[in-house]
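Working notes, beginning with the structure itself.
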Amino acid sequence: MFSKWIKSWNQYWFVAKPLHGLVLFRIGVALILFAYYLKRLPYAEMIFSVESFDHRLGFIESLSIPLFSPAVAMFLVLFCLVTSLLFALGLWTRLSNIFLVVLVAYLGCVEGMYTIGGFNLLLISSFLLIFSDCGKYGSLDYWLWLKKGNKKKKKEIEKRKVGSYWVQRLIVVQLAIVYLACAFYKSQYAYGWYNGKFLRETLLDPYWGQLPLGVWMSQYHWVMAFAGTSVLLWEFFMSLFVLLPKFRNFAFISGVFFHAFILFTFNLTSLFSFTMFVHLILVLSPYDVARYCESFNSFLRKNGIGVKK
Amino acid sequence: MNRAIISFFIIGYILFTLQVSFFPGMGLKRIYFWPWTTWHMFQWNVSTAKKISVNGYTLEDQVVKVDLELLLGYIGGGHNPALVIYYKKLFTPLGEQNAFKNRFSEYLVRSYNKKVSSDKEKLKGLDLILWSWTKEPSNSFEDLKEELCHRWSD
């Protein structure tokens, strides 16, 4: 009985699977972080240094985070941009991943981003990627390995296309917990969601809302009631759907629609929606993602732009 | 890595994530993994919200800052991330308190529709005024507000 349980556990977490999804995820996470800090680069002094608003207003002291001069703050943001690019390209992948996580954790703390769910998810996932094989394939590291005279070792090449699955699985479990926690939080104010009141208020809020699509939608009570109820129920079920193989495709498609809706109706930074988009890639079956990638690659090859076999 | 060690990590990770995601008072919709950020968040919720004071104005006094929030929120709508953060820091603790939250959102929706027109050019340079204001704690909030409103009406 016990050995059977161990066997199922090992099969659930430790079977080697294609890495294509994880590679796309790595690139997505790195590019989001790159874009995020590129936007902040001109304001590095105002956000991350001893000259920052937060420091002047006394927020930083209460959190006991060390702060540096504007020049050092600028250097840290630049260094973060370089490491995120290296991580996206997959050059010295694990090392760039470690540096990126340390920098993002520090800069996130200074900026107070630990209060933002999307950012935390990004940080956690990039931390978990340190333990993954995400740089083994689809990276400059892989390309350099091929250049070292491994092009003809077909067996070795096939081996590099698969890797440990537990990190991907754990990120998906994390995603399920996020959806469950969101639904649980909303369910405490369920009535406001069922009648659409909260959604309407948020869509019309001058800070969180006021985007044309949201303002237009908020005119219709039934749309608000329907959308509010759907959000609550969808989040509850999504925590299961992302884990159940039968519902993977549904979870992916509905997730993309849901987060695109948030992107176009809420005045949030696009960080949240894009973070969720890349996380949803991991919900799909790794074999399916590998198949899509291979077909896309062969399509590119046919048109003379892909990587030649 | 050894499977036993990874299994131990996985179980611990899931339990910890569940605990911090559902721990009362931590902001249920948020997830916290890092022990220090969890601790910071705890401090933030418990201490900072109570202690928050800008140039001598306490949490309760900040209810008069609606106009400032309006302007900051407007500039913050995709322009200067530093201001967005500043705005969030200043007003998020207020948002946590329902008594303020309702008053704020109602007032804001009304005043936003009434006051905010379309000319974003008018708001250029406000970030620098605000930043210099934080450099000069001797300037009162009323002075700042006056300067902002003056610029707004130009």
| Which loop-located trypsin sites (Lys or Arg not before Pro) does segment A:140-249 contain, where loop means any DSSP state but H, G, I, E or B and the Cβ has at most 12 other Cβ atoms within 10 Å? | A:Lys151, A:Lys152
| R0 = 51 Å: FRET efficiency of A:Val82 with A:Gln11, Cβ-based, nearest 0.05? | 0.80
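What does the buried accessible surface come to for B and A, summed over both chains, with the probe at 1.4 Å? Round to 100 Å².
5200
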| request: Compare A:Gly21, A:Gly149, A:Gly214 in a GNM of chain A, Cα atoms joined below 10 Å, and give the one with the largest fluctuation. | output: A:Gly149
| message | Output wanted: per-residue J couplings in Hz (rounded whole) for segment A:151-160, from phi through Karplus 6.51 cos²θ - 1.76 cosθ + 1.60, θ = phi - 60°, x for Gly and Pro. | response | 4, 8, 7, 4, 4, 5, 4, 4, 5, 6
| task | At a 1.4 Å probe radius, which order do A:Leu85, A:Leu211 fall into by accessible area, largest first? | result | A:Leu85, A:Leu211
| From the square roots a ≥ b ≥ c of the eigenvalues of the alpha-carbon gyration tensor of segment A:71-197, which class results: rounded (a/c under 1.5), prolate (a/b over b/c), or oblate? | oblate
| field | Which of A:Ile6, A:Ile305, A:Ile47, A:Ile253 is most accessible, then next, and so on - probe 1.4 Å | value | A:Ile305, A:Ile253, A:Ile6, A:Ile47
| task | Can you figure out the FRET efficiency of A:Leu41 with B:Phe16, using R₀ = 30 Å and their beta-carbon distance, to the nearest 0.05? | result | 0.35
| query | Per the 1.4 Å probe, what fraction of the accessible area of segment A:213-309, in percent, lies on carbon and sulfur atoms? | reply | 74
| field | Modelled FRET efficiency - R0 22 Å, A:Leu300 with A:Lys147, Cβ distances, 0.05 increments | value | 0.60
| With springs only between Cα atoms under 10 Å, which of A:Ser126, A:Ser273, A:Ser187 fluctuates most in a Gaussian network model of chain A? | A:Ser187
| query | Working out 0.36 nm times the residue gap between A:Glu156 and A:Phe131, then minus their Cα-Cα distance, what length gain in nm do you get to one decimal? | reply | 6.9 nm
| Do any of A:Lys154/A:Lys246; A:Lys7/A:Lys136; A:Lys155/A:Lys302; A:Lys17/A:Lys153; A:Lys4/A:Lys152 go past 30 Å between their Cα atoms, and which? | A:Lys154/A:Lys246; A:Lys4/A:Lys152
| query | Over the heavy atoms of A:Arg94, what accessible area does a 1.4 Å probe trace out, to the nearest 10 Å²? | reply | 120
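When a/c is below 1.5 the answer is rounded, else prolate if a/b is larger than b/c, else oblate, so apply that to segment A:66-133 with a ≥ b ≥ c taken from the square roots of the Cα gyration tensor eigenvalues.
oblate
Is chain A rounded, prolate or oblate when judged by the Cα gyration tensor, a ≥ b ≥ c being the square roots of its eigenvalues, rounded requiring a/c under 1.5 and prolate requiring a/b larger than b/c?
Cα axes put chain A in the oblate bin.
The values are calculated or read from the model by the stated rules, or taken from the named source; none is laboratory data. Keep in mind the model is a prediction, meaning the values are calculated, not measured. Note that we place each Cβ from the backbone using ideal geometry, even for glycine, and neighbour counts take in every protein chain shown. These accessible areas exclude ligands, DNA and RNA; they are computed on the full protein's heavy atoms, side chains included. Shrake-Rupley method; radii C 1.70, N 1.55, O 1.52, S 1.80 Å.
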